[in-house]
1. Using the structure shown, decide if I33 is within 23 Å of S131 (Cβ to Cβ), of a type outside the set (D, E, K, R), surrounded by 14 or more Cβ atoms within 10 Å (Cβ to Cβ) and not assigned by TED's automatic domain parsing to the domain that holds I139.
2. Scan the stretch 117-135 and report the pairs whose first residue is assigned to a strand (DSSP E or B) and whose second residue is buried (at least 17 other Cβ atoms within 10 Å of the Cβ), with Cβ atoms within less than 6 Å and a gap of 6+ or a chain change.
3. Please go through the stretch 62-85 and give me each residue that is part of a loop (DSSP other than H, G, I, E, B) and either at negative phi or modelled with pLDDT of 95 or more (or both), ordered by number.
4. Among residues belonging to the stretch 128-148 that are under 12 Å from the mean Cα position of the chain (by Cα) and among the hydroxyl-bearing types (S, T, Y), point out the one that is farthest from K62 (Cα to Cα).
5. Filtering the stretch 24-50 down to residues that are at pLDDT 85 or above and among the hydroxyl-bearing types (S, T, Y), which residue is farthest from the chain's Cα centre (by Cα)?
6. Hey, can you tell me all the residues within the stretch 40-61 that are part of a helix (DSSP H, G or I) and exposed (fewer than 14 other Cβ atoms within 10 Å of the Cβ)?
7. Report whether or not I108 is more than 18 Å from I58 (Cα to Cα), buried (at least 17 other Cβ atoms within 10 Å of the Cβ) and touching a residue at least 24 places away in the same chain (Cβ under 8 Å).
Amino acid sequence: MSLETTISDAIKTAMKEKDKVALDSLRAVKSQILLLKTEAKGAEISAEQEIAILQRMIKQRKDSLEQFAAQGRQDLAEVEEAQMKVIEKYLPQQLTAEELEAEVKKIISETGAQTMKDLGKVMGTASKLLSGKSDGKSISEMVKKLLS
């Protein structure tokens, strides 16, 4: 089942349950999917593109959450956090720090990287292989830690 279908079903459920936070979050996701489909001129969008949409939306909410918290707007920060939790439900299972470290070590050995000069080579491969399983910031931090 595609993400769009899953989200549409979840919107119906949220409407029945009168869950405003979930409804707002899911409508935002559906809107982003429809925008991507419009840009692709009706072509099917891949699972990777769907995951990228979800990751981008979570990143936006994290950024907003930090800004609201810094400005003392806890009420708005709570809304962003709640929406982030709803969106995260539709991402694949995220890697733990230990799993991420193991994957990055495997990638480093496969690419033959040894120093920070090889960061780009490792990051390119890691970003492709771990897309959707971990965010870019975590991957980058782990690669830097292991190469230094």
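1. Numbers: within 23 Å of S131 (Cβ to Cβ): yes; of a type outside the set (D, E, K, R): yes; surrounded by 14 or more Cβ atoms within 10 Å (Cβ to Cβ): yes; not assigned by TED's automatic domain parsing to the domain that holds I139: yes.
Judged against the criteria, I33 is a match.
2. Pairs that qualify, where the first residue is assigned to a strand (DSSP E or B) and the partner is buried (at least 17 other Cβ atoms within 10 Å of the Cβ), are S134/L95; S134/L100.
3. To start, the set of residues in the stretch 62-85 that are part of a loop (DSSP other than H, G, I, E, B) comprises 71-73.
Correct list: Q71, R73.
4. Taking the stretch 128-148 first, the residues under 12 Å from the mean Cα position of the chain (by Cα) are 130-138.
Filter once more, keeping what is among the hydroxyl-bearing types (S, T, Y): 131, 134, 138.
Values: S131: 18, S134: 15, S138: 14 Å.
Taking the candidates together, the pick is S131.
5. That would be T38.
6. As a first pass, look at the stretch 40-61 and keep what is part of a helix (DSSP H, G or I): 47-61.
Answer for the stretch 40-61, where residues must be part of a helix (DSSP H, G or I) and exposed (fewer than 14 other Cβ atoms within 10 Å of the Cβ): A47, E48, R56.
7. Details: more than 18 Å from I58 (Cα to Cα): yes; buried (at least 17 other Cβ atoms within 10 Å of the Cβ): yes; touching a residue at least 24 places away in the same chain (Cβ under 8 Å): yes.
The answer is yes for I108.
So that you can scan it fast, the table gives a plain yes or no per residue for (1) out of contact with any strand residue (DSSP E or B) (no Cβ under 9 Å at 6 or more places or on another chain); (2) under 26 Å from I11 (Cβ atoms); (3) aliphatic (A, V, I, L, M):
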site	(1), (2), (3)
I51	no, yes, yes
M57	yes, yes, yes
R73	yes, no, no
Q94	no, yes, no
E99	no, no, no
E103	no, no, no
A113	yes, no, yes
D118	yes, no, no
M142	no, no, yes
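The values are calculated or read from the model by the stated rules, or taken from the named source; none is laboratory data. As the structure is a prediction and not an experimental result, all values here were calculated from the model. Every residue, glycine as well, gets a Cβ built from its backbone with ideal geometry; the counts of neighbours run over all protein chains shown.
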